[in-house]
1. What lysines does LYS78 reach when the alpha-carbon gap must be under 16 Å and sequence neighbours fewer than 8 apart in one chain are set aside?
2. Taking the Cα centre as origin and putting +1 on Lys and Arg beta-carbons and -1 on Asp and Glu beta-carbons, what dipole magnitude results for the chain, to the nearest 20 debye?
3. Note down the relative contact order for the chain as a percent, whole number, built from C-alpha pairs under 8 angstrom at least six residues apart.
4. Give the order of LYS13, LYS42, LYS51, LYS69 when sorted by the count of other beta carbons within 10 angstrom, beginning with the fewest.
5. Using r as the Cβ-Cβ distance of ASP92 and GLN118, and R0 as 25 Å, what FRET efficiency do you calculate, to the nearest 0.05?
6. Neighbouring Cβ atoms within 10 Å as the yardstick, rank ARG65, ARG138, ARG102 fewest first.
Amino acid sequence: MDFVTSDDHQGLKKAIETQLQGTTWQRCQTHFMRKIVDATPKALQDEIHSKVRGILTSADLSTARFLLKQTLDEYGVKAPHAMEVLENGFDDATAVLGLPKRYRTKLRTTNSIERLNQEIRRRERVIRIFPNRESSLRLIGAFLLEYD
């Protein structure tokens, strides 16, 4: 099974859909959670954060759907915009629940690739100016070999 995790960027989603046909797309749960919390009234942010965290870390999709329905019923009137964001993005953010448990933690967010990019940038800033393209590729390649 091919699996891609990314932010909810329309260009990325379209590229994945056209170039990686048949691939399962997972919306980054960290970015999804931020979007929900941003749409939530300040007084309810902690409560809704815990409820959504419970949904996203459910053991299976049926449990997640049950918790989603409970959360939508409980906060539909108090935080309608946040509940709309949650309901609209639920399927994209829970695609990872179709995978075995041992893969879920690493594939539910884009944190690992963001961390990798930070490490590459940290090394690149030390050199600042590369004499040519090949030298930059050697540095990045050497780091990636060591990282793997």
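A short reminder: the numbers here are calculations on the coordinates, not readings from a lab. This one's a predicted model, so the numbers in the text were calculated from it and none came from an experiment. Reconstructed Cβ throughout: ideal geometry from the backbone, glycine too, with neighbour counts over all protein chains shown.
1. LYS42, LYS51, LYS69
2. 520
3. 25
4. The fewest-first ordering by Cβ neighbours comes to LYS42, LYS69, LYS13, LYS51.
5. Details: r = 25 Å, r/R0 = 1.00.
For ASP92 and GLN118, the calculated efficiency is 0.50.
6. The order, fewest Cβ neighbours first, is ARG102, ARG138, ARG65.
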